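S.K.: Dumping the structure here so I can ask a few things about it.
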Amino acid sequence: VFLLSLGGFPPTAGFVAKYYLFTNALAAGEIVLVLIAVLTSAVSVFYYLRLVVMMYMKDGTEKPSFHASAFTYTAIAICVILTINYGIFPGSLMEAVQKAARF
């Protein structure tokens with residue numbers, strides 16, 4: 001989920017961030033900058049998906065010895081929920097960001 005968010009896939013917070021960034025850059029007339037950003041985003045998605053393929057679709061030679069605690073799983077679950085929540089309902093986050101920008 002987090003790699004998808006970094007890649008800017010909907011419905012994640014990364015998509016909302018890239019959407020606002022690209023639309024505001026286009027409104028400011030920075031077309032070349034937006035094209036460069038879109039191309040670098042596409043390249044980054046290639047590497048993110050390559051990492052996912054390496055982690056889950058290739059046979060490993062040994063089993064991982066990592067054992068996470070319940071606190072770790074809870075923290076990850078909360079972050080996943082917030083990442084998807086801010087992707088679907090970005091209004092509350094955007095209001096807080098705009099208030100902070102005015103401050």
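Bear in mind these aren't lab numbers, they're just calculated from the coordinates by the rules spelled out. The model shown is predicted, which means the values in this text are computed figures rather than measured ones. Glycine also receives a Cβ, built like all others from the backbone with ideal geometry; neighbour counts cover every protein chain displayed.
S.K.: For helix 13-27, report the angle its Cα long axis makes with the longest principal axis of the Cα atoms of the chain; keep it between 0 and 90° and round to the nearest 10°.
M.R.: 30 degrees
S.K.: How would you classify the chain from its alpha-carbon gyration tensor, with a ≥ b ≥ c the square roots of the eigenvalues: rounded for a/c under 1.5, else prolate if a/b is greater than b/c, otherwise oblate?
M.R.: It comes out oblate by the Cα gyration axes.
S.K.: Normalised by the number of residues in region 2-102, what is the relative contact order in percent for Cα pairs under 8 Å and 6+ residues apart?
M.R.: RCO, region 2-102: 42 percent.
S.K.: Would you mind checking the tilt of helix 91-102 against the longest principal axis of the Cα atoms of the chain, expressed as 0 to 90 degrees and rounded to 10?
M.R.: 60 degrees
S.K.: Show me, for region 45-59, the HN-Hα J-couplings you get by feeding each phi into the Karplus relation (A = 6.51, B = -1.76, C = 1.60, θ = phi - 60°), rounded to Hz, glycine and proline as x.
M.R.: For region 45-59, the Karplus curve yields 4, 4, 6, 5, 5, 4, 5, 4, 4, 5, 6, 10, 10, 10, 6 Hz.
S.K.: Please identify the trypsin sites (Lys or Arg not before Pro) of region 2-103 that satisfy two criteria: DSSP loop assignment and at most 14 other Cβ atoms within 10 Å. Which are they?
M.R.: Passing both the DSSP loop test and the Cβ count: Lys58.
S.K.: Can I ask one more? Which of these, Pro11, Pro64, Pro90, has the largest mean-square fluctuation under a Gaussian network model of the chain (Cα springs below 10 Å)?
M.R.: Pro64
S.K.: Taking the beta-carbon count within 10 Å as an exposure proxy, list Phe46, Phe22 from fewest neighbours to most.
M.R.: Result, fewest neighbours first: Phe46, Phe22.
S.K.: Just to confirm the number: angle between the C-alpha axis of helix 70-88 and the first principal axis of the chain, 0 to 90 degrees, nearest 10?
M.R.: Approximately 30 degrees, to the nearest 10.
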